[in-house]
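Working notes for the structure below.
The values are calculated or read from the model by the stated rules, or taken from the named source; none is laboratory data. Since this is a predicted model, take the numbers as computed values, not measurements. Here the Cβ positions follow ideal geometry from the backbone for every residue, glycine too, while neighbour counts run over all protein chains shown.
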Amino acid sequence: MEYIQAHFDAYNRQYFGGQLPAIPIKLSHAKGFLGKVTFMRKRQGLFRGYRNEDFVLRINVRIDLPEELVQDTILHEMIHYYIAVNQFQDTSTHGRLFRAEMARINKEGNRHITISHRLNEEQKAQAQIHKVRAVAIVHFSDGKTGVKVVPKQEKHIRYWHKMAQRRFPIERIDWHMTDDPYFAQFPSSIAMKIFIIPKPEELPVGNLTKSLE
Ligand SMILES: [Zn+2]
């Protein structure tokens, strides 16, 4: 939420001259869209037409997206907001006006905003369902540190904790329930397999972890 708000504010200054009014932000877990701006079209008396009000910006957090795509999604929705809050008429949902603003921001900011509200195949492959994982940070007696992701049911955590201490020279196991997408790269199981995290100075390029059976 803070991330979306901070980026909304920064992009508002950067691309919209700070002219967009504050908008309530909500996180969504729905399927089928990355972001959405909703509002009410309210009639203004008998002959004065309609006015768009009660705006809400929704950003989907069901899946963990690459950061650049999250940013482009925020910008995409801000273009919808810019058009609607100024009561501009576009030729369609992503009409001439939308595309002109999109092209302007893509050029100014070297961004890759598209008119799609969905993920393409490559993005789908990169995306991870956003979920909470039970993560063991294992401190070995020799000073090494390892990571293991275990199914988050208590019985699995207890079992794995007990068996790992029998099997390996372990000083301490710290457990975390975390939704940090970093841990999506580790298989979740009760196998007695711990991924050693190399010390920064040993970190090979392009290979984050090695496994200890
Ligand atoms: Zn759109």
Inset, instruction - Might you check whether a residue that is among the β-branched types (Val, Ile, Thr), away from the ligand (no atom under 16 Å from the Cβ), under 26 Å from Lys31 (Cβ atoms) and touching a Ser or Thr at 6+ places or on another chain (Cβ under 8 Å) occurs anywhere in the stretch 144-155? - result: yes
Legend entry - Met78 being assigned to a helix (DSSP H, G or I), within 12 Å of the ligand (Cβ to nearest atom) and within 23 Å of Glu122 (Cα to Cα): no
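Which ones in the stretch 81-90 are among the hydrophobic types (A, V, I, L, M, F, W, C) and within 12 Å of the ligand (Cβ to nearest atom)?
Residues satisfying the conditions are Ile83, Ala84.
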Legend entry - strands (runs of 3 or more DSSP E) lying entirely in the stretch 170-213 (those with 1 or more residues that are of a type in the set (A, V, I, L, M, F, W, C), surrounded by 12 or more Cβ atoms within 10 Å (Cβ to Cβ) and modelled with pLDDT under 75): 210-212
Legend entry - Which numbered condition Glu67 fails, given (1) under 30 Å from Ala184 (Cβ atoms); (2) without any contact (Cβ under 8 Å) to a residue 40 or more places away in the chain; (3) within 20 Å of the chain's Cα centre (by Cα); (4) within 16 Å of the ligand (Cβ to nearest atom): (4)
Inset, instruction - Specify the residue that is farthest from Pro66 (Cα to Cα); the eligible residues are those in the stretch 91-116 that are of a type in the set (A, V, I, L, M), surrounded by 15 or more Cβ atoms within 10 Å (Cβ to Cβ) and near the ligand (Cβ under 10 Å from one of its atoms). - result: Met102
Legend entry - Output for the stretch 85-108, where each listed residue is at pLDDT 95 or above and within 15 Å of Asp54 (Cα to Cα): Val85, Asn86
